Amino acid sequence: MGSITKTSEAAAGRVTNPTARDTVPRISVVMPCYNRAEYLEEALESALSQEGDFELLEVIVVDDHSDEPATIDLLSTIGARDGVRVLSNPGRRGPAAARNVGIRAARGDWVAFLDSDDVWLPGSLAARIRIVNSEPTCRWVAADYSKWCGGKRREPGGRVWSHPVSGSILRRARHDRRIRLERPVEQCVRVSIPWTGTVLVDRRLLMEVGGFEERLMKSEDAHLWIRLAARTDLWFVPEVLALYRQHGENTTAPADPMDDCTMRVFRMLLADPEFRPYRGAVRRRLARLWVRRGRYFRRQRQFAHAFCAYARSLGYAPLKGEGWRGLASSVVRRL
């Protein structure tokens with residue numbers, strides 16, 4: 001698990017009623033940063049300019065050992081601004097470790113995440129806090145977002161709502177202008193629903209699960225959201241509240257096979273006793289990921305690799321026809 005030590009609320013001497021809403025929500029924003037001088041100020045300003053029925057205590061920028069002079073200079077400058085704290089990792093440890101540093105240091109009751117190259121739209125925090133203030137049992141909220149190439153080049157609509165799978169899940173869960181997914185482990189295993197830049201979560205809940213898994217250099221956010229889903233319901237705001245900036249360092253070629261870190265997330269869940277009731281869903285997801293990898297190798301005419309990928313998919317879901325069809329096609333093409 002992540003390096004944040006799990007604690008019980010009783011042992012910690014904190015409030016034991018997570019549904020209490022007696023005070024104005026206090027929010028800490030955690031922003032990991034590594035060589036982002038070009039985008040950092042815009043991301044920071046989009047957070048500091050948020051207004052609503054909450055107290056924005058701080059934006060915690062966690063430097064993951066940047067080595068770009070412009071970023072280093074900028075971090076020393078913004079650290080002097082009101083409402084901004086700059087912390088540092090002693091070495092390059094990745095986004096999971098950086099976010100955990102911020103979570104541990106956070107003084108707010110609620111933690112929101114924003115990467116240093118993305119931006120929140122005006123009213124982003126207010127829209128999420130309205131759920132918190134109106135739903136006593138709410139412990140975490142997510143919302144929709146759009147990809148953004150800078151300037152006015154922004155895709156229309158929200159990515160989560162418009163996706164055929166996640167959109168269908170959310171529409172079925174919508175009641176009286178509210179979307180509540182009850183312990184949505186299987187839904188989050190099937191498809192990514194929360195996106196890091198729109199997640200607002202009770203800090204105590206983060207401490208309960210131990211924060212982000214620091215052994216994962218990618219997909220650590222998807223792993224955490226599934227673990228949160230096993231603990232409590234997810235509330236979702238079907239509005240675009242953030243922009244996911246696209247640039248050369250965060251885009252992946254569509255032809256690339258599924259990242260090994262994503263595979264590792266689901267293998268870790270499969271081995272976790274807490275997720276024993278969900279092993280069927282996890283195995284189906286792993287099977288789909290191996291089928292996706294098999295398709296990639298077929299397109300590359302690497303039929304031996306494709307055969308192995310389809311065979312691995314059948315190891316997780318032996319009754320799935322797609323795995324068998326891919327396996328047969330790889331054999332025929334190889335001959």
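Is at least one residue of region 91-101 assigned to a strand (DSSP E or B) and either among the basic types (Lys, Arg) or touching a strand residue (DSSP E or B) at 6+ places or on another chain (Cβ under 6 Å) (or both)? No, every residue in region 91-101 fails to be assigned to a strand (DSSP E or B) and either among the basic types (Lys, Arg) or touching a strand residue (DSSP E or B) at 6+ places or on another chain (Cβ under 6 Å) (or both). Assessment of region 89-99 against the conditions (of a type outside the set (D, E, K, R), buried (at least 16 other Cβ atoms within 10 Å of the Cβ) and at positive phi) yields at least one matching residue.
Selection of region 201-225 for residues being part of a helix (DSSP H, G or I) and within 20 Å of Gly94 (Cα to Cα) yields Leu206, Met207, Val209, Glu220, Asp221, Ala222, His223, Leu224, Trp225.
Among the residues of region 139-150, are any aromatic (Phe, Trp, Tyr) and under 26 Å from Asp202 (Cβ atoms)? The answer is yes; a qualifying residue exists. Scanning region 173-190 for residues that are modelled with pLDDT of 95 or more and of a type outside the set (A, V, I, L, M) gives Arg180, Glu182, Arg183, Pro184, Glu186, Gln187, Cys188, Arg190.
Within region 3-35, the set of residues being at negative phi, modelled with pLDDT of 90 or more and in contact with a helix residue (DSSP H, G or I) (Cβ under 7 Å, 6 or more places away or on another chain) comprises Pro25, Ile27, Val29, Val30, Met31, Pro32, Cys33.
The residues listed here are Leu57, Leu44; of these, the one that is under 25 Å from Phe212 (Cα atoms), surrounded by fewer than 22 Cβ atoms within 10 Å (Cβ to Cβ) and out of contact with any Cys (no Cβ under 9 Å at 6 or more places or on another chain) is Leu57.
Just give me the residues in region 79-111 being more than 19 Å from Leu205 (Cβ to Cβ) and aliphatic (A, V, I, L, M), in sequence order. Hits for region 79-111 are Ala80, Val84, Val86, Leu87, Ala97, Ala98. Residues in region 175-202 that are touching a residue at least 40 places away in the same chain (Cβ under 8 Å) and either surrounded by fewer than 20 Cβ atoms within 10 Å (Cβ to Cβ) or out of contact with any strand residue (DSSP E or B) (no Cβ under 9 Å at 6 or more places or on another chain) (or both): Arg178, Arg180, Glu182, Arg183, Val185, Glu186, Val189, Arg190.
Could you give me the residue pairs with C-beta distances under 8 Å whose first residue belongs to region 314-329 and is in the same structural domain as Arg292 (by TED's automatic domain parsing), whose second residue is modelled with pLDDT of 80 or more and among the polar types (S, T, N, Q) wherever it lies, and which are 6+ apart or on separate chains? Partner pairs satisfying both residue conditions: Lys320/Ser313; Glu322/Ser313; Gly323/Ser313; Gly326/Ser313.
The values are calculated or read from the model by the stated rules, or taken from the named source; none is laboratory data. The structure displayed is predicted, hence computed values, not measured ones. Every residue, glycine among them, receives a Cβ derived from its backbone with ideal geometry; neighbour counts consider all protein chains shown.
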